[in-house]
Amino acid sequence: MDIQKIISDVVAKVTGNPDLIKKLLSNPADVLKQLGIDVSADQINAVIEGVKGKLDLSKLDLGDIDVSKAGGIVDKIKGIFGGK
């Protein structure tokens, strides 16, 4: 599947919804599934990094979410599914 297309789809679906963006950054796998976007555990990091690059996160109040570490959750998810 084309990662750039997935990124564009995610950006379109979360733009204007700060709560959904927060959820996406804190629990990407669940939010992508909720949005109907099917990606492998290996692709989640690329999708999240691409989304972060396209959204202006500096304008959002993300509370205690450290955007620079948002992808770290994906490493834990990969571990659960046997990814490296």
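So in segment 1-24, with the set limited to residues that are among the aliphatic types (A, V, I, L, M) and touching a Leu at 6+ places or on another chain (Cβ under 7 Å), which one is nearest to ASP42 (Cα to Cα)?
Quick first cut of segment 1-24, residues among the aliphatic types (A, V, I, L, M) only: 1, 3, 6-7, 10-12, 14, 20-21, 24.
From what's left, touching a Leu at 6+ places or on another chain (Cβ under 7 Å): 10-11, 14, 21.
Numbers: VAL10: 17, VAL11: 19, VAL14: 21, ILE21: 20 Å.
The residue in question is VAL10.
Among residues belonging to segment 1-26 that are modelled with pLDDT under 90 and of a type in the set (S, T, N, Q), point out the one that is farthest from LEU57 (Cα to Cα).
Looking at the filtered set, the residue picked out is SER26.
Right, GLY50: within 12 Å of the chain's Cα centre (by Cα), modelled with pLDDT under 85 and either surrounded by 16 or more Cβ atoms within 10 Å (Cβ to Cβ) or within 11 Å of ILE6 (Cβ to Cβ) (or both) or not?
Details: within 12 Å of the chain's Cα centre (by Cα): yes; modelled with pLDDT under 85: no; either surrounded by 16 or more Cβ atoms within 10 Å (Cβ to Cβ) or within 11 Å of ILE6 (Cβ to Cβ) (or both): yes.
For GLY50, the condition - within 12 Å of the chain's Cα centre (by Cα), modelled with pLDDT under 85 and either surrounded by 16 or more Cβ atoms within 10 Å (Cβ to Cβ) or within 11 Å of ILE6 (Cβ to Cβ) (or both) - is not met.
Do you know which residues across segment 9-21 are touching a residue at least 40 places away in the same chain (Cβ under 8 Å) and surrounded by fewer than 19 Cβ atoms within 10 Å (Cβ to Cβ)? Quick ask: steps written out before the conclusion?
Step one: of segment 9-21, the residues touching a residue at least 40 places away in the same chain (Cβ under 8 Å) are 10-11, 14-15, 18, 21.
Within segment 9-21, VAL11, THR15, PRO18 meet the criteria.
The values are calculated or read from the model by the stated rules, or taken from the named source; none is laboratory data. Every value quoted in this text rests on a predicted model; they were computed, and no experiment measured them. All Cβ positions, even for glycine, are placed from backbone atoms using ideal geometry, and neighbour counts span all protein chains on display.
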